[in-house]
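Read-outs throughout are calculated quantities, based only on the coordinates presented, and are distinct from any laboratory measurement. Predicted model only: the values in this text are computed from it and were never measured. Here Cβ is always computed from backbone atoms with ideal geometry, including for glycine, and neighbour counts include all displayed protein chains.
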Amino acid sequence: MAGNVDALFIFLLIVTGMVALLIFVCLLFFAARYRQRAHVHAEQIEGSTPLELTWSIIPLFVFLAIFAWGAVIYFKERTPPRDAAEVYVVAKQWMWKLEHAEGQREINELHIPVGRDVKLIMTSQDVIHSFYVPAFRIKQDVLPGRYTTAWFRATKPGIYHLFCAEYCGTQHSGMIGSIVVLEPAQYEAWMSGGSTGPLSVTGEKVFAELGCVTCHRSDAQGRGPNLQGVFGKPVLLQDGRTLVADENYIRESILDPGAKIVNGYKPVMPTFQGLLSEEQLNALVAYVKSLSGAKPGDGSGKANADAAAAQGSQVNE
Ligand SMILES: [Cu+2]
């Protein structure tokens with residue numbers, strides 16, 4: 001995205017620079033040409049319609065072009081590609097906790113391969129933070145109580161600064177880290193290091209431990225809906241509304257089940273507010289997502305999940 005953002009920024013700089021230059025040149029020219037000594041009596045001018053139309057209509061099109069250009073970049077930057085690798089980010093005073101879909105956990109460091117689309121699914125454990133990587137031209141507020149997302153594709157290996165860009169308390173300035181962009185081979189090597197198993201498998205365990213399975217069964221016998229294939233699909237609610245099940249919907253369904261009742265079901269699901277850490281919530285969300293077909297790179301999907309579960313990997317926290 002950096003090239004696109006820079007091109008627009010440089011364009012704005014040139015346009016505004018040229019206007020500023022024009023104003024100063026005219027100012028000096030008129031000040032000299034129409035100085036009082038040469039023109040003792042001022043001549044009144046009542047205005048010129050063609051002139052006013054010109055300086056209204058030309059800037060209008062220039063501004064509209066800037067708007068369209070900016071909007072195109074904005075939508076690109078706001079729309080993660082469907083097959084992006086997913087990383088869950090939990091911000092807290094004063095650090096970044098990152099967890100790959102494959103289960104690798106990091107603090108203040110994110111290792112990713114060059115050339116891969118990466119989607120960040122972010123939330124905060126306390127106050128508002130902001131995930132800012134200047135080199136990638138991305139900055140996104142990270143809020144408690146909900147998910148926000150951002151994405152990027154690193155094009156050059158290297159180490160890039162990560163900052164918190166929202167004042168979040170006394171050690172805000174120390175809430176920094178780095179994005180480590182590796183060649184694919186190096187990344188594979190890094191990835192093979194210690195993992196607690198895919199995030200979706202951790203999620204499956206939390207799902208069982210908290211008794212979600214008793215109501216959400218894979219047959220039609222449970223008191224709650226079968227969660228197979230729910231993610232990313234439209235859900236019909238009791239009040240007649242339809243919405244698409246995204247990360248925030250799954251999150252809300254767990255923390256505040258009464259907020260949106262699925263059509264045909266009774267509001268019997270208890271709230272899990274205060275019973276789950278942000279990491280456990282992320283794992284649950286990753287698990288529910290994995291029930292709707294695996295995505296490349298997240299190592300999820302039923303077969304994978306079963307295999308990893310059979311290895312008996314540990315539940316986190
Ligand atoms: Cu912060």
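The chymotrypsin sites (Phe, Trp or Tyr not before Pro) of region 161-194 that meet both conditions, a loop assignment by DSSP and at most 16 other Cβ atoms within 10 Å of the site Cβ, are Y167. The label-point distance for I66 and A2, in a model that sets each label 7 Å from Cα toward Cβ, rounds to 2.5 nm. Here, the chain is characterised by an Rg to Rh ratio of 1.17, where Rg is the alpha-carbon radius of gyration and Rh the Kirkwood radius. When the pairs K266/K289; K139/K205; K233/K260; K156/K233; K119/K266; K119/K233 are compared against a 25 Å limit on Cα-Cα distance, K139/K205; K156/K233; K119/K266 fall above it. Think of each Lys and Arg Cβ as +1 and each Asp and Glu Cβ as -1; about the Cα centre, that makes the dipole of the chain roughly 520 debye.
Most simply put, the chain has about 70% antiparallel DSSP beta bridges, counting only bridges with both residues inside it. Assuming charge only on the beta carbon of Lys and Arg (+1) and of Asp and Glu (-1), the dipole of region 85-191 about its Cα centre is about 240 debye to the nearest 20.
The shape of region 57-100 comes out oblate: with a ≥ b ≥ c from the C-alpha gyration tensor, a/c is at least 1.5 while a/b does not beat b/c. Within region 1-54, the chymotrypsin sites (Phe, Trp or Tyr not before Pro) that combine a DSSP coil assignment with at most 13 other C-beta atoms in a 10 angstrom radius are Y34. Remark: region 183-260 carries a charge dipole of roughly 360 debye about the Cα centre, counting +1 on each Lys and Arg Cβ and -1 on each Asp and Glu Cβ.
Summed over qualifying helices (DSSP H, 4 residues or more, each -39500 (n - 2.57)) and divided by its residue number, the chain shows a 222 nm mean residue ellipticity of -12000 deg cm²/dmol. Which whole-angstrom value gives the distance between the alpha carbon centres of region 158-191 and region 43-88? Rounded to whole Å, the Cα centres lie 33 Å apart. Ranking T148, A31, F63 by how far each Cα lies toward the positive end of the dipole of the chain (charges on Cβ) leaves A31 at the top. Taking a ≥ b ≥ c as the square roots of the Cα gyration tensor eigenvalues, with a/c under 1.5 meaning rounded and otherwise prolate when a/b beats b/c, else oblate, which class fits region 63-156? Oblate shape, in that a/c is at least 1.5 and b/c is the bigger or equal ratio. Taking GluC sites (Glu not before Pro) across region 32-80, the ones in a DSSP loop with at most 15 further Cβ atoms lying within 10 angstrom of their Cβ are E43, E46.
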